[in-house]
Ligand SMILES: [Zn+2]
């Protein structure tokens, strides 16, 4: 039995001053003791905040070898072009994935929602001490002859007995309604969560609202005008609403959906979801440093929190981030939204992340019987209860 005392114990939603966390030999949480005054011989004291292991709700391990290869601040359409252009020309994929996995462990991350286009990262994930939920990401680029769904289903059937797995649509600007609806049926059958890149740039909304904008041009504009245009086979319907207000009606009714990024999600979009789909269960995942890297943007974190939504944190991949570190994502959010409390930030990165991935029975909070991992945050500004530039996470258990 370990008795871990610290300046504060954060239990997944609240901070407890000078409390003691009791953990058994198997890493299982026993209890939190409050105001412990009589020191016992086996008690350890830490000058920091002790919290459950972090959940990284959005990553692409298989893009780890893209680190430092893609220019910053060029916007999403250009970012995508750069990723596609570099595909196949880089080496060292396996080593980069192993290093990224090790980096996340070191930074106190215990569970990851990870996007995969192929099975290339599966063995790294299966041999890791981190819990991975893998989302097999599908996109058909509006091509009605695409065999993408069949490809995904085959990959799913081969591996779903051995690892937590979903099929998932990439984004509203690369997936046809038919593909999203086929995935939705599959998700209802296998009862897994979905994850979709949502409203990461305004061009996605323009595509759905008015059949215009950079992404629409890239996907559908006449070939003669633009040699790089992806020759979509399906005409794009006129929906007249934002992407989220359109495709959310195609999602499975019984599965949890993770909306990722949301940099161009507005109150009207949230109201639409709340009024039209009160039973749709969903989480909003923000990846602030990735948005800063790609487009110098920040998600509307305060709006999402004010709506009492389940907001979780992701690092995104090393293609659009210099590190895979939840503390540095929280620091970016703290700087942009100074009114958000440290307890709220930590809740997003622990309890809410576990809720988003459906792993709350094991992860996210210090409750009896769970094995969420135990992380020490050091170098906290205790006077103002803020993270600092030198705040670090250290895995204790
Ligand atoms: Zn992503």
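The values are calculated or read from the model by the stated rules, or taken from the named source; none is laboratory data. Since the structure is predicted, the reported quantities are computational estimates derived from the model, not experimental observations. We place every Cβ from the backbone using ideal geometry, glycine too, and count neighbours over all the protein chains shown.
Take the residues of the range 281-300 that are under 20 Å from residue 256 (Cβ atoms) and away from the ligand (no atom under 11 Å from the Cβ): which is surrounded by the fewest Cβ atoms within 10 Å (Cβ to Cβ)?
Result: 281.
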Mind listing whichever residues of the range 380-390 are farther than 17 Å from residue 336 by Cα and in contact with a strand residue (DSSP E or B) (Cβ under 9 Å, 6 or more places away or on another chain)?
380, 382, 390
Filtered residues of the range 180-199 (kept if farther than 19 Å from residue 116 by Cβ and touching a residue at least 24 places away in the same chain (Cβ under 8 Å))
181, 184, 185, 188, 191, 199
For the structure I just gave you, tell me whether residue 131 is in contact with a strand residue (DSSP E or B) (Cβ under 8 Å, 6 or more places away or on another chain) and either within 18 Å of residue 56 (Cα to Cα) or touching a residue at least 40 places away in the same chain (Cβ under 8 Å) (or both).
yes
Flag if residue 278 is at negative phi, free of Cβ contacts under 8 Å to residues at least 24 places away in the same chain and either within 16 Å of the ligand (Cβ to nearest atom) or in the same structural domain as residue 304 (by TED's automatic domain parsing) (or both)
yes
Among the residues of the range 271-278, is any modelled with pLDDT of 95 or more and surrounded by fewer than 17 Cβ atoms within 10 Å (Cβ to Cβ)?
yes
Tell me, yes or no, whether the range 50-61 has at least one residue that is in a helix (DSSP H, G or I) and either surrounded by fewer than 15 Cβ atoms within 10 Å (Cβ to Cβ) or modelled with pLDDT of 95 or more (or both).
yes
Give the range 312-335 a look and list any residue that's part of a loop (DSSP other than H, G, I, E, B) and within 16 Å of the ligand (Cβ to nearest atom), or say none.
314, 315, 316, 317, 318, 319, 320, 321, 322, 323, 324
Test: residue in the range 73-81 that is surrounded by 18 or more Cβ atoms within 10 Å (Cβ to Cβ), outside the structural domain of residue 314 (by TED's automatic domain parsing) and touching a residue at least 24 places away in the same chain (Cβ under 8 Å)
no
Test: residue 360 is farther than 27 Å from residue 43 by Cα, free of Cβ contacts under 8 Å to residues at least 12 places away in the same chain and buried (at least 16 other Cβ atoms within 10 Å of the Cβ):
yes
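Counting only residues that are touching a helix residue (DSSP H, G or I) at 6+ places or on another chain (Cβ under 8 Å) and free of Cβ contacts under 8 Å to residues at least 40 places away in the same chain, which one in the range 82-94 is farthest from the ligand (Cβ to nearest atom)?
Step one: of the range 82-94, the residues touching a helix residue (DSSP H, G or I) at 6+ places or on another chain (Cβ under 8 Å) are 83, 86, 90-94.
Next cut, free of Cβ contacts under 8 Å to residues at least 40 places away in the same chain only: 86, 90-94.
On the way: 86: 16, 90: 18, 91: 22, 92: 21, 93: 17, 94: 21 Å.
By that ranking, first place goes to 91.
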Being in contact with a strand residue (DSSP E or B) (Cβ under 6 Å, 6 or more places away or on another chain) and either part of a loop (DSSP other than H, G, I, E, B) or surrounded by fewer than 13 Cβ atoms within 10 Å (Cβ to Cβ) (or both) is the requirement here; does residue 12 meet it?
yes
Mind listing whichever residues of the range 268-297 are within 15 Å of the chain's Cα centre (by Cα) and not in a helix (DSSP H, G or I)?
282, 283, 284, 285, 286, 287
